[in-house]
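Below is one structure, written out as structure tokens; the observations come after it.
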Amino acid sequence: MTMEENIDERDDMQIDAHSLGNQQLNQFSFDYLKVYYGKLFPYADIFRWMSYGNEGKHPACDESFFSRREFSFTLENDVYLRFQSFKGATDLENSIKEKCPHKIDIGPVYNVDPSRRHAYAQGGNNVFMPVERELIFDIDITEYDDVRYCCSGSDICLDCWPLMAVAIKVMDTVLRDDFGFNHILWVYSGRRGVHCWVCDGRARRLSNEQRSSIADYFHVYKGGENSLKKASLTGPVLHPVLGRAYKDVLIEYFEKKLMQKQRLFSFEERYQKILDIIPDKSVASEIHEKWQARRSSTSEEGRWDQLKSILQSGKHKALRRCVEEIVFTYTYPRLDMEVSKHMNHLLKAPFCVHPKTGRVCVPIDPNQCEDFDPTSVPTLSMLIEELNAGGLQMDTKNGELERTSLAQPIRFFRSSFLQPLMKSCKEEMESAYNAKIQQSGKSSFNW
Amino acid sequence: MEIIRSQKKTSDDEAASNLSLYRRAPDLEVRLDDFELYAIDRLRGFYAVLRGISDGLSRGKRPDEMEKLVNELWKTSMRHPDATQLINKDLISHFVLRLVYCRTEELRKWFLSMETTLFRYRFRLENPESQRMLMTEFQLPYKALSNAEYESVKDKLVQVSRSIGQSSNCVINVCVGIYWRILVSAMLSTLNSRVVDPDAIVDAVVDTIFFKVPFEEVPELVANRRVFLLKGNAYVAMNQVASIVVSHFRSNLSKALVLTNRKWTSTIKEQEKDRLTPIVEALGSSYLGPDYSQPTEFTNISLKDIDQLANSSFPLCMRHLFNKLRDDHHLKHGGRMQLGLFLKGVGLKLEDALAFWRAEFSQKIGSERFDKEYAYAVRHNYGKEGKRTDYTPYSCQKIISVNPSVGDHHGCPYRHFSEENLRAALAKMGVAGHAMDDVMDKVKNRHYQVACTMTFEAVHAASCDAGINHPNQYFAQSRKLLESKVVISESRSKARPDLMFFNPHPASPNMKPNVSNLPCYTNLI
Ligand code: SF4
Ligand SMILES: [Zn+2]
């Protein structure tokens, strides 16, 4: 696609955007998407990220690395193309521009180029298989439908966003402090949740069993799809990882944010669900009666304090964990475990545009995640308008980007994720190479 | 001999371990005799280790019972008059059995499971110092936490152990504790220190031994939140270490077995076809449960009872052979082997066996021809002639898998009879009605041993939970049931003294122990 064509298209766009005005329809359209892929999508950054230092000139670089990565495209009309692979940044860019996928997913790095998988598997005992993959997490707000009352299904608002913020805070801390990972990218999924990419070399090389163990390390819920999701905490004290989450994040978010935003104690139907968590039914109904009485405190805080003091009073020794269980049930991260357990699970690429909402999958700063506003994430139409506002002047690509509200997220992506990652990839490569040199030096000496 | 680290040190280092990781085959000259005998001791002699473990596991023994069992089995079976040879015996027997058990997936699985269990309990019995040495040898260079480091995370470690409850670790703690107790007391006495309660020190010491391990290596402990994690390291308590080491042992052995198999089929089998191959194949042909090569309490029969016993306690396969022999005064080779070894297993002594076979065969061919052509084979089955091979009674699995041809009567009737013949045979045993239908139903679904088990239950009006796996087991269980019900002839109702197991044929002048200095081996032959 040439530059001229691009400009022509943008002219068309300009007219379209004006004629369609602010209709919901224009949040996402094929033509807008073309412009987005033509001018804004950060191919070079994605390429550098997915190359993990192998794009350089270092003798230890693995040239085939990027081309063994699986991408998959969802085209218009739900045509799904799996096992796409690309030689380099240009190849990737050309293909995306040409196919204009509604959604781009990123899969694992395989032992051979995925496009050659059939030929490879035909050769004797060869098995086409994944060899490396980021450790990924997918947290979906729909999983929390039993503990939020502001919206349901795929919608998300500022009243339920704190649930996502809790998940990010808790998990980010565990991934860094417990597992020692450093290169963690949080991304808004464009609609109803967040994705997490852990990109340390050590994380990428985990086996499925090790991935499962990490997912399980996070897991506290009991009960399957059709039963009450309830955090089950066993043992006389909490494991440090849970104790820290409770003390540093959960209790605060529960008492300071979610309790009020979701008005958890104001309606019988809502507080009944909380009382259901109490295993001692007589205690539960005692509290229930109290709250039914006219003179009882009706504020969220008042009722919660009352509940706490009854459960934590020496009288009911067996119920002391109950306060924690309630807080965990209403706040603790709910992971889609399957996504994290297998190397070959696909996950939507950052900076895609969500086809339903038109919102771009932008990175989230875990340190500011409580201030992240999913409702003000840049949309496709917003970005096109911002581009159009610059008029017809011939801009550098970067200049155009700078004009849009995508500039900040991309800057954040580069400075807080990509650059540190590239630095440590280089260091890792260097030290692995040196070790190898030394090794071979040694053996030749022995010889 | 580098692999045997402990050998180099045993003399002056009491803490050194005899537990080998079997990373390389010993570079030793092995006498062919030892090659076989050691393997049998490990595998399936009367007190053999692997067989005992298999038995213990299938009985669902608890870890503490298993620990005791393994310890006893090891001491009894793997002993050697020359103490310096103990380690070699361990190594040789292990590597011989690798050859034997590398050859099919099923064999590998069994061997892997038994050797891993053996290793697990032997490892637990080691003292902490040699446990640590073994870890180093496994290239698990975990460092125990220094005091300062321990102090810095102590609260968290305590929190973890409280969060998982401590009861489950008692067993191992105790045995580690015992060693520490000994060490600590020794320390105290040499230091001539003030009177301190060694137990108090022990508890403190045991609880503070932690290792820093990359979390990737202990996925199970991570998944269950049984360890403290900090910056990618799991803090693994001494009592959790065994599981790491054992899983390394298992995966190493598993890989090694596959490699051995490749080597065996590509080179060794052919190169050794005159020496090792026959031994390895003989060792591998037996089934994996108890081998019933020795009579037990309820199986010791004399010639005069044999007809009655055949009627009441022989499984159908043996009844059929027995009746055929009585009718035809002859059995072909397969039948002679199947019935002959069975009878040996139920305790028919050699001279009785000779008399039994002679009585029948001579009616057809004369006793002179019998003595010339067949007596040899009977003695051979009892290990008295020819090359010393361990002839053990056939298991169901083996009997069911044979392909009898015309004129043969061996095999398993449930598999090899026509429906009509089987019905008739079962009716003769007294199976009828529903029971008959159930048995035939199992046969149609090719569950022959289940059919046999149901027959057993119908005939004895008692349940047989273990299922029938071996004709000699059928017999033993039948005798157990019948003898507890009726008081039969005085001589057999008395339990035999334990000593009999060591030397089952005290009265037989023919039975000389053939390896004089290894008394416990004689009953194998
Ligand atoms: S199942 Fe076993 S014991 Fe029963 S008849 Fe068949 S081979 Fe004999
Ligand atoms: Zn909401």
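The values are calculated or read from the model by the stated rules, or taken from the named source; none is laboratory data. From a predicted model like this one, the values you see are computed outputs, not experimental measurements. When we count neighbours, we look across all protein chains shown, and the Cβ atoms used for this are built from the backbone with ideal geometry, even at glycine. The accessibility values were calculated without ligands, DNA or RNA, using every heavy atom of the protein model including side chains. Shrake-Rupley method; radii C 1.70, N 1.55, O 1.52, S 1.80 Å.
Using the Cβ-Cβ distance between residue A:251 and residue B:419 with R0 set to 56 Å, the FRET efficiency works out to roughly 0.15. Note that chain A shows a convex hull volume over its alpha carbon atoms of 187 Å³ per residue.
With a sphere of radius 9 Å drawn around the Cβ of residue A:73, what net charge do the other residues whose Cβ falls strictly inside it have (Lys, Arg +1; Asp, Glu -1)? Around residue A:73, the surrounding residues sum to +2.
Per-residue SASA remark: residue A:184, around 10 Å² accessible (1.4 Å probe; ligands, DNA and RNA not included).
For the pair residue A:313 and residue B:217, label points projected 7 Å from Cα toward Cβ lie 5.2 nm apart.
Shape analysis of segment B:301-401 based on the Cα gyration tensor places the equivalent ellipsoid semi-axes at 19, 17, 13 Å, largest first. Once the Cβ-Cβ distance of residue B:55 and residue A:426 is raised to the sixth power relative to R0 = 56 Å, the FRET efficiency obtained is 0.45. Between amide H atoms placed 1.01 Å from N, distances below 5 Å from residue A:112 occur with A:129, all of them 5 or more places distant or on a separate chain. By the rule of a C-alpha distance below 18 Å, with chain neighbours fewer than 8 residues away ignored, the lysines paired with residue B:273 are B:263, B:387. Working from label points 7 Å from Cα in the Cα-to-Cβ sense, the residue B:263 to residue A:266 distance is 7.6 nm. What whole-number distance in Å separates the alpha-carbon centres of segment A:242-303 and segment A:52-88? Centre-to-centre distance over Cα atoms comes out at 50 Å.
Going down the list A:256/A:281; A:273/A:356; A:281/A:308; A:39/A:97; A:230/A:308, which pairs span over 21 Å between their C-alpha atoms? The pairs that break the limit, which is 21 Å between Cα atoms, are A:256/A:281; A:273/A:356.
With all pairs of different C-alpha atoms in the average, the Kirkwood value for the hydrodynamic radius of segment B:311-368 is 11.6 Å. Here are some pairs, B:364/B:428; A:436/B:255; B:269/B:442; which of them have Cα atoms lying more than 29 Å apart in this structure? Beyond 29 Å between Cα atoms: B:269/B:442.
Across segment B:226-232, coupling constants 3J(HN,Hα) worked out from phi with the 6.51/-1.76/1.60 Karplus curve, θ = phi - 60°, read 9, 9, 8, 10, 9, 6, x Hz, and Gly and Pro carry x. Across segment A:240-331, Cα-Cα pairs more than 19 Å apart make up 37 percent of the total.
Place a point 7 Å from the Cα of residue B:323 along the Cα-to-Cβ direction; which residues of segment B:416-454 have their backbone N under 17 Å from it? Under 17 Å, as judged by backbone N against the label point of residue B:323, lie B:416-433, B:436, B:440, B:452 of segment B:416-454. Pairwise Cα distances in segment A:299-447 exceed 19 Å for 76 percent of all pairs.
Within segment A:256-311, the trypsin sites (Lys or Arg not before Pro) that combine a DSSP coil assignment with at most 14 other C-beta atoms in a 10 angstrom radius are A:294, A:295.
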